[in-house]
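Reviewing the structure listed below.
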Amino acid sequence: GVCMPMARADRLVQRAGEQQVVRYAHMQAQRDEEHSRLRAQVSKLRKMLLESHAMLKKLNEQDSLLKEEVARLHSVRACAETLNIEYLKNVMVKFLEMVFIDSDATEIGALVRVIETALHFTADERERVNRAMEQGDSGMSTWWAKSFMLT
């Protein structure tokens, strides 16, 4: 009978050992699963990082192109403003020549329209000019000539 309890004790120890091995195997399986999940997550993050770098590179290129375009537009605008001033100056010289030469009111009216356009008159400003032209003499040169002689 003494052997029997010993055999039973051995089986209990063996069973406890097997349970411990099963527990360790289960823990290892969980670690392996977590490791695989983390590896997949790292791979996904690397891919996202590469995509972010590519996007950043494109955005930097676009930024450079836009800055160049802004600089070019500033240059074009400055040139256009200079040309607009030259154009307006020429129109004003022609207008003043017509006023003092007693030109046809139609020609003067046409130049007034050019001046209104070049100076971007509002509707109210155009209306004020139209009223003044209608109230004036048949030719504007009379007022201009009198004004010129008074100075």
Legend entry - Vicinal HN-Hα couplings computed from phi for region 28-34 (Karplus, 6.51 cos²θ - 1.76 cosθ + 1.60; Hz; Gly/Pro x): 5, 4, 5, 5, 4, 5, 5
Inset, instruction - Report, ordered by chain and residue number, the lysines lying within cross-link reach of residue 57, taken as a straight Cα distance under 21 Å and ignoring same-chain residues fewer than 8 apart. - result: 44, 47, 67
Legend entry - Positive minus negative residues near residue 122 (Lys, Arg vs Asp, Glu; Cβ under 12 Å): -2
Inset, instruction - With θ set to phi - 60°, apply the Karplus curve 6.51 cos²θ - 1.76 cosθ + 1.60 along region 81-92 and write out the HN-Hα couplings as whole Hz, x wherever there is a Gly or Pro. - result: 5, 5, 5, 5, 5, 4, 4, 4, 4, 5, 5, 5
Legend entry - Leading residue at positive end of dipole, region 1-123 (Cβ point charges), from 114, 70, 27: 27
Inset, instruction - With N set to the residue count of region 30-135, report its C-alpha Rg divided by 2.2 N^0.38 Å to two decimal places. - result: 2.46
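Here, each number is a calculation from the coordinates, and none is a lab measurement. Being a predicted model, the structure only gives us computed values, none of them experimental. Quick reminder, even Gly has a Cβ in these numbers, built from the backbone with ideal geometry, and neighbours come from all protein chains shown.
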